[in-house]
């Protein structure tokens, strides 16, 4: 089930985010940059701000199975640009359609809001995520190369099926 995130989800979201990031940062980024109590608190605070923001500025969605948060996605619209800021699935639940369901829910929200184009940044070594996004129509920034350690991708949202 995909639903809007609540403040009561913050601990689960922050822990899930930390587990997911470890899969692509481990061995490439110092552990203190993605794990540990200080980073977990910082991550939770960031998610707290995202969950609390007005709906007109974006949403945070949770994928829940049997009462457990197993995925999370967030997007933000600022200065006329909508950005998919986060999409994480708990590694223990990969390849079961959770990411696809979260992505589809974001896409439906963008269409309802009349959003035509969305951007995201994906870690250059996170090849799994890059393949996921490519399979859903996301395309690289026209100028090509990564911006620092991340690649910028764009999605032309288009109308809902049947329109």
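Applying a threshold of 7 Å to beta carbon distances and a minimum spacing of six or more residues, or different chains, the list of pairs starting in the range 15-28 at a residue that is farther than 12 Å from residue 92 by Cβ and ending at one that is modelled with pLDDT under 70 and not in a helix (DSSP H, G or I) reads 18/34; 21/34; 22/34; 25/34. Determine, yes or no, whether residue 102 is out of contact with any helix residue (DSSP H, G or I) (no Cβ under 7 Å at 6 or more places or on another chain), more than 22 Å from residue 49 (Cβ to Cβ) and touching a residue at least 24 places away in the same chain (Cβ under 8 Å). No; evaluated as a whole, the condition is false for this residue.
Might you check whether a residue that is over 19 Å from residue 150 (Cβ atoms) and buried (at least 19 other Cβ atoms within 10 Å of the Cβ) occurs anywhere in the range 121-136? Within the range 121-136 (the criterion being over 19 Å from residue 150 (Cβ atoms) and buried (at least 19 other Cβ atoms within 10 Å of the Cβ)), the answer is no, since none of the residues qualifies. Scanning the range 144-157 for residues that are touching a helix residue (DSSP H, G or I) at 6+ places or on another chain (Cβ under 8 Å) and either in a loop (DSSP other than H, G, I, E, B) or at pLDDT below 60 (or both) yields a single hit, 157. When restricted to residues that are at pLDDT below 95, on the phi < 0 side of the Ramachandran plot, surrounded by fewer than 18 Cβ atoms within 10 Å (Cβ to Cβ) and not in a helix (DSSP H, G or I), the range 3-44 contains 4. Show the residue pairs that are 6+ apart or on different chains and have beta-carbon atoms under 8 Å apart, the first residue being within the range 115-137 and over 26 Å from residue 80 (Cα atoms), the second being buried (at least 17 other Cβ atoms within 10 Å of the Cβ). From residues that are over 26 Å from residue 80 (Cα atoms), the pairs are 125/24; 126/24; 128/24. Residue 95 meets each of the listed conditions (1) at negative phi; (2) over 12 Å from the mean Cα position of the chain (by Cα) apart from (1). Residues in the range 89-134 that are in a strand (DSSP E or B), at pLDDT 95 or above and closer than 21 Å to residue 15 by Cα: 89 only. Might you check whether a residue that is modelled with pLDDT of 95 or more, outside any strand (DSSP E or B), surrounded by fewer than 20 Cβ atoms within 10 Å (Cβ to Cβ) and in contact with a helix residue (DSSP H, G or I) (Cβ under 9 Å, 6 or more places away or on another chain) occurs anywhere in the range 52-67? Within the range 52-67, one or more residues are modelled with pLDDT of 95 or more, outside any strand (DSSP E or B), surrounded by fewer than 20 Cβ atoms within 10 Å (Cβ to Cβ) and in contact with a helix residue (DSSP H, G or I) (Cβ under 9 Å, 6 or more places away or on another chain).
The values are calculated or read from the model by the stated rules, or taken from the named source; none is laboratory data. None of the values given here were measured: they were computed from a predicted structure. Cβ: placed from backbone, ideal geometry, glycine included. Neighbour counts: every protein chain shown.
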